[in-house]
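The block underneath contains the structure these notes are about, expressed in structure tokens.
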């Protein structure tokens with residue numbers, strides 16, 4: 001099993017690596033994040049008074065621990081399919097979250113997030129919360 005790490009998992013790992021290090025070691029080579037989550041992570045980086053150390057930590061994370069999956073045509077199509085399926089049911093999911101979920105579905109990855117409620121209504125999406133467990 002491989003995993004797509006949501007922004008909150010990445011930022012938690014960067015803030016307190018000892019809290020999730022066992023998961024990162026246990027699943028080494030099978031950890032991914034989406035370009036969308038990476039974009040959100042960089043908002044956090046550049047919101048810091050001194051972004052250089054946090055940016056260096058993110059780049060180290062991407063070099064040694066996590067691979068990035070770019071938003072591609074298949075992910076875009078899955079996003080559109082999901083939005084069209086959920087909207088008539090009155091289910092609203094934030095665009096960024098739906099892009100992340102679409103990536104997980106296209107690549108058959110379990111989405112690791114602490115915000116499981118934000119993703120709970122997306123059909124066939126496998127979720128795991130490494131912070132709560």
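Here, each number is a calculation from the coordinates, and none is a lab measurement. As the structure is a computational prediction, the values presented were derived from the model and not from experiment. Ideal geometry is used to build each Cβ from the backbone, glycine not excepted, and the neighbour counts take in all protein chains shown.
Figures for the structure shown
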quantity	calculated
DSSP beta bridge pairing in the stretch 3-128, given as percent antiparallel to the nearest 5	0 percent
Relative contact order computed over the chain (Cα-Cα under 8 Å; 6+ residues apart), in percent	31 percent
Ascending count of other beta-carbon atoms within 10 Å, so fewest first, for 96, 1	1, 96
